[in-house]
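Beneath this line is the structure, given in structure tokens, with notes to follow.
The values are calculated or read from the model by the stated rules, or taken from the named source; none is laboratory data. Keep in mind that this is a model prediction, so the values were computed, not measured. Note: ideal-geometry Cβ built from the backbone for every residue, glycine included; neighbour counts use all protein chains shown. Heads up: the accessible areas ignore ligands, DNA and RNA and are worked out on the full protein's heavy atoms, side chains in. Shrake-Rupley method; radii C 1.70, N 1.55, O 1.52, S 1.80 Å.
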Amino acid sequence: MTQMLLREVGSLLSKLVDSYVNGSDYIKNDLAEAIKRSLLETGIAKKVYVHELPADTRSQRIIRKFKIKIKDSIFRPVYKTLATYGYREFPLSPEGLLVTAIILRHLQEKGNTDTRLTMHALIPQDSEEDLEIIVEQVKTHITGK
């Protein structure tokens, strides 16, 4: 169900981003730059930091992780409210959905259509913290048989 949501919403968000940044060529080339530009040029955030973490292999699966830190998101009041109620994660984070859509689109442009993604948006617990989004790309480990 989550994968369906990510794909459907992701498709709509990708089209929206394309209209802002004039086409999809940016997605094919530099994934980190595509994520950063999408959040900045749509006005969602003022500062974005994208890091690809080292790949991890667990239980015959390859896990590629991306960590995105977002400063001054326009959705900050929502996160502040959620934090007051004790929430630590927000699975429907607009920024998280957009980032996941961009990564999914990048993978599709590269011909990788069978990969699954998971996304965790960690809610800032005070005014000094940034929104942190972690996206994991999980694919079946390919052995050389």
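Details
- When you count the other C-beta atoms within 10 angstrom of each residue and take the mean per peptide, 89-100, 39-50 line up highest first as 89-100, 39-50.
- Surface calculation, 1.4 Å probe, protein heavy atoms: Asp130 sits at approximately 40 Å² accessible.
- Residue ranking by accessible heavy-atom surface, 1.4 Å probe, largest first, among Glu109, Glu132 comes out as Glu109, Glu132.
- At an R0 of 30 angstrom, the distance between the Cβ atoms of Glu8 and Leu40 translates into a FRET efficiency of 0.75.
- Note that region 79-84 has calculated 3J(HN,Hα) couplings of 5, 4, 5, 4, 5, 5 Hz, one per residue in order, obtained from phi through the Karplus relation 6.51 cos²θ - 1.76 cosθ + 1.60 (θ = phi - 60°); glycine and proline are x.
- Among the trypsin sites (Lys or Arg not before Pro) found in region 65-118, those both in a DSSP coil and sparsely packed, with 12 or fewer other Cβ atoms within 10 Å of their Cβ, are Arg88, Lys110.
- Inter-label distance, Lys65 to Asp30: 2.5 nm, where each label sits 7 Å from its Cα along the C-beta direction.
- Calculated FRET value between Glu109 and Val78, using beta carbons and R₀ = 35 Å, to 0.05: 0.70
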